[in-house]
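> Questions regarding the structure given below will be posed in turn.
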Amino acid sequence: MGRLTGKVAIVTGGGGSGIGQGISRVLAREGAHVSIMEIDVVAAEAVRDEIVAAGGAAAVVRADVSKSEEVCSAVEQVVREHGRIDVLVNSAGVGLIRPVAEASEEEFDRLAAVDLRGLWLCCKYAIPHMQRQRQGAIVNIASIHARATMPLYGIYAGMKAGVVGLTRGIAVQYGPDGIRANAICPGLVDGKQTREVISRFTPNLESWLESYIQRHQALPRIIQPEDIGHVAAFLASDDSSAITGAEIPADAGSLAQLISRD
């Protein structure tokens, strides 16, 4: 019996090769039925099949989180099939590495559409069902960039700071309805997308990763997607029933460290 046994969970971006996939796996292992809300159906089906093969329960619900009608339809599909939504994990997101003054309007709008507006849309359509149930847990994936950032990440940092602020607002607004909302702020998490980005500016990926975790983290280990999944499972469970409106770093101590270790 896992701590999410009997719970119905939606994980947006749960078919990705990074954080979303790790969250889907862990929530399923904890007993939740995981509805993977993804725009990439093939990737989502691969994660679903892996979960089912391991004895878990999962399904794929196709949606582009930036499109209101698709999100609404996907949420209603989950409710029709299961009668409720206990957990919503908003992990769908895109990145942007560009100086603020050099980013195009299209790049800005795409980032905002997925990372902030998409998250809001998922909350918008899931919250009424949670209100009727008088309970629910929302877990939003932000980033350590919401707290401290670096050159090229200014716009991305702004969006993730928005995620944290929205999370607090949801927690305060809907706490009386039994709904909790918390944000996880991951650091550098291993995964296909992370490795593709790093490979753009270094010819030696593994050496760069090793240097980063040794110099910029208090814990000299690379963060895995399932590490974030374990935090999400805790926040989705009754074990965290007194926690809401929080932003929780899962960054191997990056934010705690004032300067790099040279």
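All of the numbers you see were taken from the coordinates with simple rules; none came from a lab. Every value quoted in this text rests on a predicted model; they were computed, and no experiment measured them. Please note: Cβ atoms are built from the backbone with ideal geometry, for glycine as well, and neighbour counts cover all protein chains shown.
> Normalised by the number of residues in the stretch 1-77, what is the relative contact order in percent for Cα pairs under 8 Å and 6+ residues apart?
Normalised by residue count, the contact order of the stretch 1-77 is 27 percent.
> Do any chymotrypsin sites (Phe, Trp or Tyr not before Pro) in the stretch 112-208 lie in a loop, going by DSSP, with at most 10 other beta-carbon atoms within 10 Å of their beta carbon, and if so which?
Those that pass, being in a loop and sparsely packed, are F201.
> Could you check the spin-label model distance between S260 and I243? Points 7 Å from the Cα along Cα→Cβ, value in nm.
The two pseudo-label positions are separated by 3.0 nm.
> Another question, if that's okay. Could you give me the ³J(HN,Hα) list for the stretch 144-152, computed from phi with Karplus coefficients 6.51, -1.76, 1.60 and θ = phi - 60°, whole Hz, x at Gly and Pro?
Listing the rounded values in order: 5, 5, 5, 10, 8, 9, 8, x, 5 Hz.
> Give me the mean projected area, in nm² to one decimal, of the convex hull enclosing the Cα positions of the stretch 58-171.
Computing the convex hull of the Cα atoms and averaging its projections yields 7.5 nm².
> List the trypsin sites (Lys or Arg not before Pro) within the stretch 172-248 that fall in a DSSP loop (any state other than H, G, I, E or B) and whose Cβ has at most 12 other Cβ atoms within 10 Å.
Numbers: sites: R180, K192, R195, R200, R215, R221; in loops: R200, R221.
Those satisfying the criteria are R200, R221.
> While we're here: Within a 10 angstrom radius of the beta carbon, how do T167, T194, T12 rank from fewest other beta carbons to most?
Working: T167 26, T194 20, T12 31.
Sorted ascending by nearby Cβ count, the order is T194, T167, T12.
> Now, a different point. Excluding T167 itself, what net charge comes from residues whose Cβ is under 11 Å from its Cβ, given Lys and Arg +1 and Asp and Glu -1?
Values: positive: K160, R168, R180; negative: E247.
Computed value for this residue: +2.
> What distance in nm separates the simple spin-label points at Q131 and E105, each placed 7 Å from Cα in the Cβ direction?
Reported label-point gap for Q131 and E105 is 3.5 nm.
> Then there's this: If each residue of separation counts as 0.36 nm, what is the full-extension length gain between L205 and R84 once their alpha-carbon separation is subtracted?
39.2 nm
> So, one more: Taking the Cα centre as origin and putting +1 on Lys and Arg beta-carbons and -1 on Asp and Glu beta-carbons, what dipole magnitude results for the stretch 30-146, to the nearest 20 debye?
Working: 11 positive and 18 negative charges, 123 e Å.
With Lys and Arg at +1 and Asp and Glu at -1, about 580 debye.
> Sticking with this one: Using θ = phi - 60° and the Karplus curve 6.51 cos²θ - 1.76 cosθ + 1.60, what whole-Hz ³J(HN,Hα) does each residue of the stretch 173-185 get, with Gly and Pro shown as x?
5, 10, x, x, 8, x, 9, 10, 9, 9, 10, 9, 10
> Starting from the amide H of L88, placed 1.01 Å from N in the peptide plane, find each other amide H under 5 Å away whose residue is 5 or more places distant or on another chain.
I10, A137, I138, V139
> Could you tell me the convex hull volume per residue, in Å³, taken over the Cα atoms of the stretch 120-262?
122 Å³
> Please give the length that would be gained between I198 and Q214 if that part of the chain were fully extended, namely 0.36 nm times their separation in residues minus their C-alpha to C-alpha distance (nm, one decimal).
Gain on stretching I198 to Q214: 4.1 nm.
> OK, next. Just want the ordering: R84, R29, from fewest to most Cβ atoms lying within 10 Å of their own Cβ.
Working: R84 15, R29 19.
In order of increasing Cβ crowding within 10 Å: R84, R29.
> Rank these for me by crowding, E106, E70, going from fewest to most other beta carbons within 10 Å.
In order of increasing Cβ crowding within 10 Å: E106, E70.
> About the Cα centre of the stretch 132-262, how large is the charge dipole given +1 on each Lys and Arg Cβ and -1 on each Asp and Glu Cβ? Please answer in debye to the nearest 20.
Roughly 340 debye for the stretch 132-262.
> I've got another one for you. How large is the charge dipole for the chain, taken about the Cα centre, if only the Cβ atoms of Lys, Arg (+1) and Asp, Glu (-1) carry charge, to the nearest 20 debye?
Computed about the Cα centre, the dipole is about 560 debye.
> Related question: Under 5 Å between amide hydrogens, which residues at least 5 positions from A59 or on another chain qualify, with H placed 1.01 Å from N in the peptide plane?
Distant-sequence amide H within range of A59: V34, S35, I36.
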